[in-house]
Amino acid sequence: MENNLFKEIYEILESTVNDPRLEFEHKVSQDGKERVEVYNKEQHLQFVCEVVMEMIENNIDFEGENE
């Protein structure tokens, strides 16, 4: 499981770092409505870091909670 997770995280980070675009469209759903927000490179990198952190938190037990 963890090996697949690390591979997926690596692929996400690699594609993000190598993406030459300066603007990124993100679909945002809120209160049953969907809209598109445009992020600059820095905002997009922040978003990707948050997604990767969530993936790690949801899949790796750091505090022995699942023992």
Rounded to the nearest 10, the angle in degrees between the Cα long axis of helix 41-59 and the longest principal axis of the Cα atoms of the chain comes to 30
Hey, what D do you get for the chain in µm²/s if you plug the Kirkwood alpha-carbon radius into Stokes-Einstein at 37 °C and 0.692 mPa s? 237
Once the Cα atoms of helix 2-18 and of the chain are each reduced to a long axis, what angle between those two axes, in degrees from 0 to 90 to the nearest 10, is obtained? 30
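At 0.36 nm per residue, minus the direct Cα-Cα distance, what do Lys41 and Asn3 gain on full extension? Give it in nm, one decimal, please. Walk me through the numbers before you get to the answer.
Working: separation 38, 0.36 × 38 = 13.68 nm, distance 2.84 nm.
Stretched out fully, the Lys41 to Asn3 stretch lengthens by 10.8 nm.
What number, rounded to the nearest 500 deg cm²/dmol, is the helix-based mean residue ellipticity at 222 nm of the chain, given -39500 (n - 2.57) per DSSP H run of at least four residues and division by all its residues?
Details: 2 runs with 36 residues, N = 67.
Helix-only estimate at 222 nm: -18000 deg cm²/dmol.
Every read-out reported here was derived from the displayed coordinates using simple, explicitly stated rules and does not represent laboratory data. Fair warning: this is a prediction, and the values are worked out from it, not measured in the lab.
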